[in-house]
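The block underneath contains the structure these notes are about, expressed in structure tokens.
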Amino acid sequence: MISSNTLPLEAQPAPILEVLARLGAGDFTARGETTGQGATDDALIHGINQLATILQQQQATIQEAEQRGEDLLKVMLHLARLDYTKRATVTAGDSVFDALGTGLNMLVDELVAGQVSQARLQEEIIQSQAAVIQELSTPLIPISNDILVMPLIGNIDTARAQHVMERVLEGVAAHHAETVILDITGVAVVDTQVANTLLRAAQAVQLLGTQVMVTGIRPEVAQTLVNLGVDFRRLQTWSTMQMGIAAALQHNTHTTRFARR
Amino acid sequence: MLNEVRTPTSVIFLDPDGIIHTTMLAEVEQSLADAQETVRAALTIWGNVVRPALIDMRAMKGQDRDARQFYGSAEVAQHTTAVALLVGSRVSMLIANFFLAMTSPLVPTQLFTSEQEALAWLKGFRS
């Protein structure tokens, strides 16, 4: 420690004061030069230079610590935004920062793994729910030994249209049905796609020797179908499901009687 | 029979007390492939018995999640009666604690900073 008792200020040469002033201002690169004019002065300059070196090293250590702290903070900020792409820097050393960085990186790995497994689980749940919904969305109800009814509700997209076709064909084959009634009372929008689905399903079912009825055609739907140019003439159509069922029962009774004769 | 084998990330030997020593080499960051190679190599000197194992992680720098899960799996646990994790550095202490917390080991597993204490504990698990 420099004491004014051992070295009065007025006795100090100007260069020493300049070095001390720079060190005091935080410039730890400042160094004094020995003059060889006096052992005391040179020892003082040497001591000040040593002190400056220590301060410079400490400053570098603090700066490095701040830098590494910033690095860890950046990773944590990314984590706070659920962004797991950033990793902390870990050096070959064994500082607290290396340990913190290692731990943080391991936590990130666990979070990523947890996120992946959660996403996989959600995907499985969605697939399973979709299968159930698909099954429920195309119920095929046998109302007698040879009549099946499929009430369609909601929107029909390409995937559901395909499923309708498959379910009807499977049902006809399984029940040996003579008539299938596709009821579209609950279909919100009947567009070209829905119409084509019904037509294709009907054509496929007719190839199995089963007749197809479409029921629940509301006036506005009928108008839409006409505007779209959809030809339903090859299908029996009825405005309500009740009418379709009555017609089917009558047709099948007649067919059965005719067959018995 | 050989009583020492090496992999690029570890050195394994069987001591006269029947304890398997696995030392993770300095600056190593083990991946799943490294962990599998270590266990495969260890089994060549393991013999057809279950043994206590000392894992010296003091110089280790890291271990990825897949490697950690592999070491904690039933596939590895079936060969061991107990595991002593030897730690020293801050980093190794952290890796070992993480291993214990995240994998829920299937055999008795404990952290040690003293090799002598670790070996003394493991001797109680010789089959």
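Coordinate-derived values only; no laboratory data. Quantities reported herein were computed from a predicted structural model and do not represent experimental measurements. Cβ placement follows ideal geometry from the backbone for every residue including glycine, while neighbour counts extend to all protein chains displayed.
If every alpha-carbon in segment A:170-261 counts as one equal scatterer, what log10 I(q)/I(0) does Debye give at q = 0.11, 0.13 1/Å?
-0.33, -0.45
Where is the GNM fluctuation largest for chain A (alpha-carbon springs, 10 angstrom cutoff): A:D157, A:D146, A:D27?
In the Gaussian network model the winner is A:D27.
Compare the Cα positions of A:H251, A:N196, A:T185 along the charge dipole of segment A:107-259 (+1 at Cβ of Lys, Arg; -1 at Cβ of Asp, Glu; about the Cα centre) and return the one farthest towards the positive end.
With unit charges placed on the Cβ atoms, the residue in question is A:H251.
What net charge is computed for the residues neighbouring A:E110, neighbours being all others with C-beta under 10 Å from the C-beta of A:E110, Lys and Arg scored +1, Asp and Glu -1?
Working: positive: B:R65, B:R68; negative: A:D109.
That works out to +1.
Excluding same-chain residues fewer than 8 positions from A:K74, which lysines have a Cα within less than 30 Å of its Cα?
Within the straight-line cut-off, A:K74 pairs with A:K86, B:K61.
Between A:H251 and A:A174, how high is the FRET efficiency from 1/(1 + (r/R0)^6) when r is the Cβ-Cβ distance and R₀ = 30 Å? Nearest 0.05. Walk me through the numbers before you get to the answer.
Values: r = 21 Å, r/R0 = 0.70.
Efficiency for this residue pair is about 0.90.
By how many nm would the segment from A:D42 to A:R87 grow when fully extended, if each residue of separation counts as 0.36 nm and the alpha-carbon distance is taken off?
Working: separation 45, 0.36 × 45 = 16.20 nm, distance 5.02 nm.
My answer for the length gained is 11.2 nm.
Taking beta carbons within 10 Å but only from partner chains, what does the mean come to for residues A:103-110? Walk me through the numbers on the way to the answer.
Numbers: counts 7, 1, 3, 12, 2, 1, 7, 5.
Mean partner-chain Cβ count within 10 Å for A:103-110: 5.
When the helix-only estimate is applied to chain B (DSSP H runs of n ≥ 4, each -39,500 (n - 2.57), divided by the residue count), what is the mean residue ellipticity at 222 nm, nearest 500 deg cm²/dmol?
Details: 5 runs with 49 residues, N = 127.
Theoretical 222 nm ellipticity from helices: -11000 deg cm²/dmol.
So what is the 222 nm mean residue ellipticity for chain A from helices alone, if each DSSP H run of at least 4 adds -39500 (n - 2.57) and you divide by all residues, rounding to the nearest 500 deg cm²/dmol? Don't skip to the answer; put the middle values down first.
Values: 7 runs with 159 residues, N = 261.
Helices in chain A give a 222 nm mean residue ellipticity of -21500 deg cm²/dmol.
Whole angstrom only: what separates the Cα centroid of segment B:14-53 from the Cα centroid of segment A:54-121?
30 Å
Give the long-range amide H neighbours of B:A82: residues separated by 5 or more places, or on another chain, with amide H under 5 Å away, using H modelled in the peptide plane at 1.01 Å from N.
B:A53
Expressed as a rounded percentage, what relative contact order does segment A:204-249 have, with Cα pairs under 8 Å and six or more residues apart? List each step's numbers first, then the result.
Details: 33 pairs, mean separation 21.3, N = 46.
Relative contact order for segment A:204-249 comes out at 46 percent.
In segment B:14-84, with Lys and Arg counted as +1 and Asp and Glu as -1 at Cβ, which of these residues, B:L43, B:T81, B:M24, has the Cα nearest the positive end of the dipole, that is, farthest along it?
So the residue we want is B:T81.
Helix A:219-228 sits at what angle to the longest principal axis of chain A, using alpha carbons and giving 0 to 90 degrees rounded to 10?
Once rounded, the angle reads 80 degrees.
Would you compute, for the Cα atoms of chain B, the largest minus smallest coordinate along each principal axis and list the three values in descending order, in whole Å?
Computed over chain B, the largest-to-smallest principal extents equal 32, 27, 25 Å.
Against the globular-protein guess of 2.2 N^0.38 Å, express the Cα radius of gyration of the protein assembly as shown as a ratio, rounded to two decimals. Each step should come with its number before you reach the end.
On the way: Rg = 41.0 Å, N = 388, 2.2 N^0.38 = 21.2 Å.
So the protein assembly as shown has a normalised radius of gyration of 1.93.
At a temperature of 10 °C and a viscosity of 1.306 mPa s, determine how fast segment A:62-112 diffuses translationally according to Stokes-Einstein, using the Kirkwood radius over alpha-carbon pairs as Rh; express D in µm²/s, rounded to the nearest whole number. Please list the in-between numbers first.
On the way: Rh = 11.0 Å.
D, rounded to a whole number, is 145 µm²/s.
How far is helix A:39-80 tilted, in degrees, relative to the longest principal axis of the Cα atoms in chain A, given as a value from 0 to 90 rounded to the nearest 10?
Taking Cα atoms only, the helix is inclined about 10 degrees.
Under a no-solvent Debye model with one identical scatterer per Cα of segment B:79-127, what's log10 I(q)/I(0) at q = 0.33 Å⁻¹?
Taken in order of the listed q values, log10 I(q)/I(0) reads -1.21.
Could you give the angle, 0 to 90 degrees to the nearest 10, between helix A:241-260's Cα long axis and the longest principal axis of the Cα atoms of chain A?
Here the helix axis deviates by roughly 50 degrees.
For Cα pairs less than 8 Å apart in space and 6+ apart in sequence, what is the mean separation divided by the residue count of chain A, i.e. the relative contact order in percent? Intermediate results must be reported in sequence, preceding the final value.
Working: 266 pairs, mean separation 26.1, N = 261.
Contact order relative to length: 10 percent.
Quick one: net charge of A:L148's neighbours, Cβ under 13 Å, K/R +1, D/E -1? Intermediate values should be presented prior to the final figure.
Values: positive: A:R167; negative: A:D146, A:E170, A:E178, A:D183.
Once all neighbours under 13 Å are counted, the net charge is -3.
Just to be sure I understand the rule: take each whole DSSP H helix in chain B, project its Cα atoms onto its long axis, keep it if the span is 18 Å or more and its mean Kyte-Doolittle hydropathy is at least 0.0. Which ones pass? Show your work: numbers first, answer last.
Details: long enough: B:32-46 (20 Å, 0.41); B:90-103 (19 Å, 1.41).
Within chain B the helices that satisfy the rule are B:32-46, B:90-103.
Using a cut-off of 13 Å between beta-carbons, work out the net charge of the residues near B:Q69 (Lys and Arg +1, Asp and Glu -1, B:Q69 not included). Intermediate values should be presented prior to the final figure.
Values: positive: B:R65, B:R68; negative: A:D109, A:E110, B:D64, B:D66, B:E75.
Its environment carries a net charge of -3.
Under 5 Å between amide H atoms, partner at least 5 residues away or on a different chain: which partners does A:T215 have, H built in plane at 1.01 Å?
Under 5 Å from the amide H of A:T215: A:L182, A:D183, A:I184, A:W238.
Over all directions, the average projected area of the alpha-carbon convex hull for segment A:71-181 comes to how many nm²? Can you show the working numbers first?
Values: hull surface 43.2 nm².
The number I arrive at for segment A:71-181 is 10.8 nm².
What's the magnitude of the charge dipole for the protein assembly as shown around its Cα centre, counting Lys and Arg as +1 and Asp and Glu as -1 at the beta-carbon? Answer in Debye, nearest 20. It would help to have the intermediate numbers written out before the result.
Numbers: 27 positive and 40 negative charges, 449 e Å.
Taking the Cα centre of the protein assembly as shown as origin, the dipole is about 2160 debye.
Pairs of Cα atoms under 8 Å, at least six residues apart: use those to get the relative contact order of segment A:169-261, whole percent.
Numbers: 99 pairs, mean separation 29.7, N = 93.
The normalised contact order for segment A:169-261 reaches 32 percent.
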